[in-house]
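A quick write-up on the structure given underneath.
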Amino acid sequence: MESRVLTGGATAIRGGLPLLRKPAAVMKFTTAATCGINRDFPAGAVTAKPVGPLIAGPNLIWGRQLRPAILLETSPKRESIKPCSAAASSSAGSSDSSGDAKVGFFNKATLTTGFFFFMWYFLNVIFNILNKKIYNYFPYPYFVSVIHLAVGVVYCLVSWTVGLPKRAPIDSTQLKLLTPVAFCHALGHVTSNVSFAAVAVSFTHTVKALEPFFNAAASQFILGQQIPLALWLSLAPVVLGVSMASLTELSFNWLGFTSAMISNISFTYRSIYSKKAMTDMDSTNVYAYISIIALIFCLPPAIFIEGPQLLQHGFNDAIAKVGLTKFITDLFWVGMFYHLYNQVATNTLERVAPLTHAVGNVLKRVFVIGFSIVIFGNKISTQTGIGTCIAIAGVAIYSFIKAKMEEEKRQKKAA
C-alpha cells in the first residue's frame with residue numbers, strides 16, 4: 001500500500017476520494033501486519049489499524065469507517081509510508097518491465113521514428129535519381145515542376161475524399177496567410193528543377209547547402225533578430241566549400257548555379273512567411289493547400305515558356321526515346337515521390353527534436369550527393385569533392401549550434 005502526503009484545500013487522492021482532516025491532532029496508522037512499519041503517535045492521538053486487505057482505498061477504523069489514510073496540514077512531519085517488501089518488489093518489477101518497454105532501443109516509438117527517417121531518405125534519393133533521368137531525355141523543368149505538384153494535388157484530393165486525413169476547412173484569412181508561402185514554395189521548386197536539369201544533381205545540392213546562410217541573413221537583416229557570432233562563424237566553411245566546388249565543377253554553368261541560388265532565397269522567404277502563417281491546421285492539410293496554390297502559380301510559366309516547344313517536338317521526342325508508357329509512368333512516379341518525401345519530411349520533423357531533424361537533413365543531403373555520383377557516374381575533381389565535404393561539414397556545425405540554441409530557449413520558457 002502506498003500512502004501519500006497531501007496538503008491543500010480540497011485535494012483528492014486515488015479515485016477522487018475526498019480528504020478527511022482532524023483539526024487538532026495528527027492521525028497516523030500502523031501497518032505492522034503487512035509492511036513491518038510501526039510509527040509512534042503524539043499524546044492524545046488515536047491509533048488506526050487496517051481492516052481487510054491493504055489495497056488502494058483501504059478501510060480504516062477510527063471509531064467509524066474512514067477513507068484512505070492522510071496526514072493533516074498541521075502535521076509537523078511530512079512522511080509517507082513505504083510499501084512493504086513484497087509489494088515493493090512487485091511494483092519494481094512491473095516498473096522495470098514497463099521502463100524497458102519505453103526506454104529500450106527497440107521499442108515501438110524508436111522503430112517508428114527510424115522508419116520515418118528511412119522513408120524520408122529513400123523517397124528523396126529515388127526522387128532525385130528519377131527526376132534527373134527524366135531530364136536526360138525530357139529537358140523541360142517548368143512542365144516537370146507542374147507534374148510534381150499536380151500529382152501531389154491529386155493525391156491530396158483523393159486522400160480528402162476517403163477521409164485520410166479529414167480535410168480542414170480554410171477561410172479567406174488563412175488563404176491570405178498561405179498564399180505568400182505557396183508562391184515562395186512554387187518559385188523555389190521551379191528554380192531547383194531548372195538547376196537539376198542544367199547541372200549535375202550533386203552540384204545543385206552543394207549550392208543549396210548555402211540555404212542556412214540566406215536564412216541567417218534574412219533573420220538578421222529582415223526580421224531584425226540578432227544572430228550570434230558562433231552561427232556566423234559556422235557558416236564560413238559552407239561559403240568556402242561551395243566556392244571551392246563551384247570553381248572546378250565540371251558540369252558548371254551559370255543557369256544551374258543562379259537557379260540554385262534563387263531557390264535558396266525563395267525557400268528562405270518561405271520560412272519567413274511560414275512563421276507568420278501559423279495556423280491550427282495539421283501539417284498534412286497545410287502542405288496540401290500550399291501544393292494546390294503553388295500549382296496555380298506554376299502553370300502560367302510552364303504554358304508560356306515551354307508550351308510551344310512541347311507541342312512542336314518536346315512530347316514527340318520524349319515518346320520516341322523511351323515510349324509513351326514509360327514516359328507517362330516516369331512522370332507519375334516522380335510526382336508521387338516528390339509529394340511523399342516532402343510529406344514524410346514534415347511528419348518526421350513533428351516526431352523528433354529540431355537537433356535530430358537538422359542532423360538528419362544534413363545526412364540526407366550527403367546521401368543524395370553520394371548516390372547521384374554513383375548512379376550517374378558523374379566525374380568530379382578533387383577540389384570539388386573537398387569543397388563539397390567542407391560545405392556539408394559547415395552545414396552540420398551550423399545545424400547543431402542552431403538546434404542547441406533553440407532547445408535552450410524552450411527550456412528557459414518552460415522554466
Could you list, in sequence order, all residues of the range 254-276 that are exposed (fewer than 15 other Cβ atoms within 10 Å of the Cβ), more than 30 Å from Ser172 (Cβ to Cβ) and out of contact with any helix residue (DSSP H, G or I) (no Cβ under 7 Å at 6 or more places or on another chain)? Trp254
Could you list all residues from the range 171-209 that are within 20 Å of Thr384 (Cα to Cα), surrounded by 23 or more Cβ atoms within 10 Å (Cβ to Cβ) and within 22 Å of the chain's Cα centre (by Cα)? His205, Ala209
Given the criterion among the hydrophobic types (A, V, I, L, M, F, W, C) and open to solvent by 50 Å² or more (accessible area, probe 1.4 Å), identify the matching residue among Ile369, Ile373, Ile380. Ile380
Tally, over the range 268-289, of residues that are without any contact (Cβ under 8 Å) to a residue 60 or more places away in the chain, under 21 Å from His339 (Cβ atoms) and among the basic types (Lys, Arg): 0
Among the numbered criteria (1) in a helix (DSSP H, G or I); (2) in contact (Cβ under 8 Å) with a residue 40 or more places away in the chain; (3) surrounded by fewer than 17 Cβ atoms within 10 Å (Cβ to Cβ), which one does Ser251 miss? (1)
I'd like to verify a number: residues in the range 214-238 that are assigned to a helix (DSSP H, G or I) and surrounded by 15 or more Cβ atoms within 10 Å (Cβ to Cβ), how many? 11
Quick one: which of Val158, Val144 is in a helix (DSSP H, G or I), more than 24 Å from the chain's Cα centre (by Cα) and surrounded by fewer than 22 Cβ atoms within 10 Å (Cβ to Cβ)? Val158
Hey, can you tell me all the residues within the range 290-349 that are basic (Lys, Arg) and without any contact (Cβ under 8 Å) to a residue 24 or more places away in the chain? Lys326
All but one of (1) buried (at least 16 other Cβ atoms within 10 Å of the Cβ); (2) under 26 Å from the mean Cα position of the chain (by Cα); (3) assigned to a helix (DSSP H, G or I) hold for Gly241; state the number of the condition that does not hold. (2)
Considering only residues that are open to solvent by 20 Å² or more (accessible area, probe 1.4 Å) and in contact with a Pro (Cβ under 8 Å, 6 or more places away or on another chain), which ones fall in the range 277-298? Asp282, Thr284
Going through the range 312-335 one residue at a time, which ones are open to solvent by 30 Å² or more (accessible area, probe 1.4 Å) and either of a type in the set (Asp, Glu) or within 18 Å of Ala150 (Cβ to Cβ) (or both)? Phe315, Asp317, Ile328, Thr329, Phe332, Trp333
Name, by its number, the condition in (1) within 30 Å of Lys133 (Cα to Cα); (2) part of a helix (DSSP H, G or I); (3) out of contact with any Asp or Glu (no Cβ under 8 Å at 6 or more places or on another chain) that does not hold for Asn378. (2)
The range 397-415 residues that are closer than 14 Å to Pro228 by Cβ, paired with ones that are surrounded by 10 or more Cβ atoms within 10 Å (Cβ to Cβ) and among the hydroxyl-bearing types (Ser, Thr, Tyr) (beta carbon under 9 Å, 6 or more apart): Ile397/Ser234; Tyr398/Ser234; Phe400/Ser234; Ile401/Ser234; Lys402/Ser234; Ala403/Thr356
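The values are calculated or read from the model by the stated rules, or taken from the named source; none is laboratory data. The model shown is predicted, which means the values in this text are computed figures rather than measured ones. Every residue, glycine among them, receives a Cβ derived from its backbone with ideal geometry; neighbour counts consider all protein chains shown. Only protein heavy atoms, including side chains, enter the accessible area calculation; ligands, DNA and RNA are left aside. Shrake-Rupley method; radii C 1.70, N 1.55, O 1.52, S 1.80 Å.
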